[in-house]
Amino acid sequence: MNTRMRRAAVAVAAGAMAVSLAACGSAKEAGDKPKDSAAVGDAIKVGLLLPENQTARYEKFDKPLIEKKVAELTGGKGEVVYANAKQDATTQNSQVDTMITNKVNVLIVDAVDSKAIAGSVKKAKEAGIPVVAYDRLAEGPIDAYTSFDNEEVGKVQGKALLEALGDKAKDGQIVMMNGSVTDPNAKLFKSGAHSVLDGKVTVGKEYDTVEWKPENANTNMAAALSALGKDKIVGVYSANDGMAGGIITALKAAGLSTLPPVTGQDAELAGVQRIVAGEQFMSVYKPYAPEAAAAAEMAVALAKGEKIDGIVNQKVDSPTTQAVPSVLIPVVSLTKSNIKDTVVKDAVYTIEEICTDKYAAACAAAGLK
């Protein structure tokens, strides 16, 4: 998919968020001939299937944001029927079956396994239920897709790591801790990172981390330390914050007094706190509100039989479906210097939430007051 994605990457990057937010005013804007929502009916049922609860974002941000937007778009009459697969593709397929039985009007699916979900997407379509792929590009006959520019995520991470390494990039080796092979986004993060890092650093060890689990990243990092030697590792590419936590625990257990720079993604609270403390160099802040809003608006419009042309900003090809109407949201490199201008400004976290007693001194030094 990364070689076939049709995107006006630079041209639309600044406008992607604006497009999705501007479009979120009313689902009626999506079609050439908006239907009267009262005539179509606002009492729709939106099935929401999220992949796991290891990553804090899904329960803390995505679910409530989608619920809020659906309520706003339907005058409080729309219902979100929710299920979390807890990283089990078989469970998620069963959840789709349940949603079909319950006659939801539309599905928003963040796939545990993009390939394994294809048959269930086909079942939903055969039952007349449109499917919006959320965050991960599910295979099968999906109707719409919203996510972030995932190759750009990897590029942002790679550039940040090179910035942190400086001249040390040539002095040692890095470890690459990629995400799960069942997640199509992980492949794109990996590709984007390699496009920046290859030829500029030596990758001593590289892992595809089973189920994105921090404990698996911890085990992998311990193995890398044993194989390479703790003094030979100058940096760690971590695809997300949860794994960064496991990696940093392993680095500390190895007795490193000065930690090498470690990347991350998702701007999880624990990750932001590690950045403040100087244990993690950066994360990738992905504004969940516009992504969730775009998914909700496309879902509501599709449930009502309306067009979504006015919502999407580009087309994306999956391995099974060409030219999927899509909304891709730009991302931001989050470091100690811009915490206040990103996650605090956007009310993702308050300074009080970040700056607990443990991090009070570090927050003061970083100007977080």
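Answer yes or no: is there a residue in the range 73-88 that is surrounded by fewer than 19 Cβ atoms within 10 Å (Cβ to Cβ) and assigned to a helix (DSSP H, G or I).
So the first thing to find is which residues in the range 73-88 are surrounded by fewer than 19 Cβ atoms within 10 Å (Cβ to Cβ), and the list is 75-77, 79, 81-83, 86, 88.
Cutting the leftovers down to assigned to a helix (DSSP H, G or I) gives us none.
No, that holds for no residue.
Take the conditions (1) hydroxyl-bearing (S, T, Y); (2) over 16 Å from the mean Cα position of the chain (by Cα); (3) at pLDDT below 95; T219 misses just one of them, which is (3). Report whether or not M177 is within 21 Å of G305 (Cα to Cα) and in contact with a strand residue (DSSP E or B) (Cβ under 8 Å, 6 or more places away or on another chain). It is false that M177 is within 21 Å of G305 (Cα to Cα) and in contact with a strand residue (DSSP E or B) (Cβ under 8 Å, 6 or more places away or on another chain). Just one of the listed residues (S94, S114) is of a type in the set (S, T, N, Q) and either surrounded by 15 or more Cβ atoms within 10 Å (Cβ to Cβ) or touching a residue at least 12 places away in the same chain (Cβ under 8 Å) (or both), and it is S114.
The residue that is nearest to G158 (Cα to Cα), counting only those in the range 311-369 that are open to solvent by 10 Å² or more (accessible area, probe 1.4 Å) and among the acidic types (D, E), is D341.
Could you tell me whether the range 258-267 includes any residue that is surrounded by 22 or more Cβ atoms within 10 Å (Cβ to Cβ), among the hydrophobic types (A, V, I, L, M, F, W, C) and at positive phi? Scanning the range 258-267 turns up at least one residue that is surrounded by 22 or more Cβ atoms within 10 Å (Cβ to Cβ), among the hydrophobic types (A, V, I, L, M, F, W, C) and at positive phi. Of the set (1) more than 14 Å from M177 (Cβ to Cβ); (2) within 23 Å of the chain's Cα centre (by Cα), all apply to G245 but (1). Restricting the range 173-196 to residues that are among the hydrophobic types (A, V, I, L, M, F, W, C) and over 12 Å from V236 (Cβ atoms) leaves a set whose member that is most open to solvent (accessible area, probe 1.4 Å) is V181. Checking each residue of the range 42-53 against the condition of being open to solvent by 50 Å² or more (accessible area, probe 1.4 Å), of a type outside the set (F, W, Y), free of Cβ contacts under 8 Å to residues at least 12 places away in the same chain and closer than 21 Å to E211 by Cα gives no match. Going by the structure shown, is E279 acidic (D, E), open to solvent by 10 Å² or more (accessible area, probe 1.4 Å) and over 30 Å from V70 (Cα atoms)? Judged against the criteria, E279 is a match.
The values are calculated or read from the model by the stated rules, or taken from the named source; none is laboratory data. This is a predicted model, so every value here is computed, not measured. Glycine also receives a Cβ, built like all others from the backbone with ideal geometry; neighbour counts cover every protein chain displayed. The accessibility values were calculated without ligands, DNA or RNA, using every heavy atom of the protein model including side chains. Shrake-Rupley method; radii C 1.70, N 1.55, O 1.52, S 1.80 Å.
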